[in-house]
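What follows is one structure encoded as structure tokens, with my remarks underneath.
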Amino acid sequence: MLPLADFTVVDFSQFLSGPLAGLRLADLGARVIKIERPVTGDICRHMYTSDTVLNGMSTVFHAINRNKESVALDVKDEADRQVIWDLIKKADVVMHNFRPGVMERLGFDYAAVRAINPDVVYGEISGYGDKGPWSKNPGQDLLLQSLTGMTWLSGDADHGPVPMGLSIVDMFAGMNLCSALLACLYRRAIQHVGALVQISMLDSAVDIQFEAVTTYFRDGRQLPERTRVSNAHAYLAAPYGIYKTQDGFLALAMGSIPLLGRLLSCAPLENFSDGEQAFRQRSDIKAILSEHLATSTTAHWLSILEAADIWCADVLDWNRLTAHDGFNVLDMVQRVYMEDGFGYDTTRCPIRIDGERLKAERGSPRLGEHTEQIKKELYG
């Protein structure tokens with residue numbers, strides 16, 4: 001039996017951060033019931049991130065809302081509000097990711113929910129918390145990356161700010177919420193008390209950068225400096241980076257510069273020492289490496305470096321990754337099915353419990369698919 005079997009989550013959240021937390025709870029066995037607006041539903045149903053459509057809706061919605069149930073209820077309609085309250089009475093977790101003040105206006109804030117369900121674990125994600133000059137601003141991933149200095153860590157020195165190519169702040173905020181909800185459910189099982197869990201995307205975006213921010217404070221508030229060539233980490237010495245080869249790319253992590261010079265038959269590298277010089281002159285070192293590695297193939301360099309236990313890797317795209325045995329042994333892709341039989345491939349939960357991979361064949365719900373079923377459960 002999955003760890004969260006028999007737990008019920010009433011989820012008002014939309015877009016990515018809240019639904020990601022709900023997805024992980026569902027994969028761990030919880031029954032996750034999405035409260036959606038009639039007709040339009042979760043805005044993410046119509047938020048197209050590419051020209052790929054799955055069964056008439058956004059691919060993003062399908063990916064992040066599989067294994068859940070949907071009820072279409074109007075929070076302004078008294079009969080529908082009563083259904084929501086009756087669901088909340090039975091819920092172990094209630095969660096949302098609206099801006100501060102929205103749930104208070106709707107009447108489903110923590111104080112109101114706790115009044116009828118004292119042991120509830122109530123979770124919320126905001127963009128910037130409920131105080132401060134940004135609190136009413138939209139909590140959108142690119143905006144959070146931009147405000148928190150994250151865009152000055154990727155790309156080379158002359159590239160300007162470079163955002164991460166994933167909604168990384170949404171993802172970390174969602175996982176922070178999931179972790180905190182699980183901790184509070186554990187405490188509730190022992191102490192029989194509920195909790196209010198509050199996560200902000202701003203907190204999460206800063207926390208992601210804990211390594212760099214700690215270095216910044218220790219370094220006298222010196223801003224991080226990216227290398228001119230093959231930057232991959234603003235605070236790590238050469239050779240750390242990705243380099244063009246004759247037929248592809250090669251990733252190099254930490255390693256001794258003189259040793260690399262000998263292994264690669266690159267004499268200029270032997271003039272550099274490890275430690276401070278490898279950091280202070282990392283752009284010069286990387287420029288030499290870039291020119292030298294371009295003279296032969298990725299496979300050639302890997303055959304030399306891997307034999308010497310140097311930390312290195314080929315740089316794969318998704319076509320090559322998904323064809324590789326190293327990926328296929330993970331069994332990370334699963335096919336899930338919607339109510340109408342439509343099937344699509346997506347990722348599985350990355351967690352294993354007692355050696356078992358957590359898979360669930362249920363795809364994303366049709367808007368309001370479970371409304372009547374849940375009403376029947378509530379009222380007979």
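Where a number appears in this text, it was derived from the coordinates with a stated rule and is not lab data. Remember, predicted model here, so these are calculated numbers, not experimental data. Please note: Cβ atoms are built from the backbone with ideal geometry, for glycine as well, and neighbour counts cover all protein chains shown.
Listed values, structure above:
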read-out: Choice from Trp85, Trp311, Trp152 showing the highest fluctuation, given a GNM over the chain with Cα pairs closer than 10 Å; value: Trp311
read-out: The chain - share of DSSP beta bridges that are antiparallel (%, nearest 5); value: 40 percent
read-out: Rg in Å to one decimal, and Dmax rounded to a whole Å, for segment 108-234 via C-alpha atoms; value: 18.2, 59
read-out: Principal axis dimensions, segment 173-267 - Cα atoms, whole angstrom, descending; value: 68, 34, 22
read-out: Sequence of Met95, Met254 once ranked by neighbouring C-beta atoms within 10 Å, starting from the fewest; value: Met254, Met95
read-out: Top of Gln145, Gln334, Gln191 by mean-square fluctuation, Gaussian network on the chain, Cα under 10 Å; value: Gln191
read-out: By average C-beta atoms within 10 angstrom, highest first, the peptides 357-370, 2-15, 215-228; value: 2-15, 357-370, 215-228
read-out: Proxy reagent accessibility, fewest Cβ within 10 Å first, across Met332, Met171; value: Met332, Met171
read-out: Spatially proximal lysines relative to Lys375 (Cα-Cα < 21 Å; intrachain offsets below 8 disregarded); value: Lys34, Lys68, Lys76, Lys89, Lys90
read-out: Computed E for Lys90/Met332 - FRET, C-beta separation, R0 41 angstrom, nearest 0.05; value: 0.75
read-out: Separation between Cα centres of segment 348-380 and segment 93-144, rounded to whole Å; value: 24 Å
read-out: Residue order, fewest to most beta carbons within 10 Å, for Val60, Val315, Val169; value: Val315, Val60, Val169
read-out: Percent of alpha-carbon pairs separated by more than 13 Å within segment 316-359; value: 63 percent
read-out: Over segment 1-88, equivalent-ellipsoid semi-axes from the Cα gyration tensor in Å; value: 22, 19, 9
read-out: Distance in nm between pseudo-label sites at Asp219 and Val315 (7 Å out along the Cβ direction from Cα); value: 2.2 nm
read-out: FRET efficiency estimate (nearest 0.05) - Cβ-Cβ, Val193 to Phe279, R0 45 angstrom; value: 0.35
read-out: The chain - Kirkwood radius from inverse mean 1/r over Cα pairs (Å); value: 23.6 Å
read-out: Hull shadow area, averaged, segment 249-314 [alpha-carbon convex hull, nm²]; value: 3.9 nm²
read-out: Length gained when the stretch Lys136-Ala323 is fully extended (0.36 nm per residue, less Cα-Cα span); value: 62.8 nm
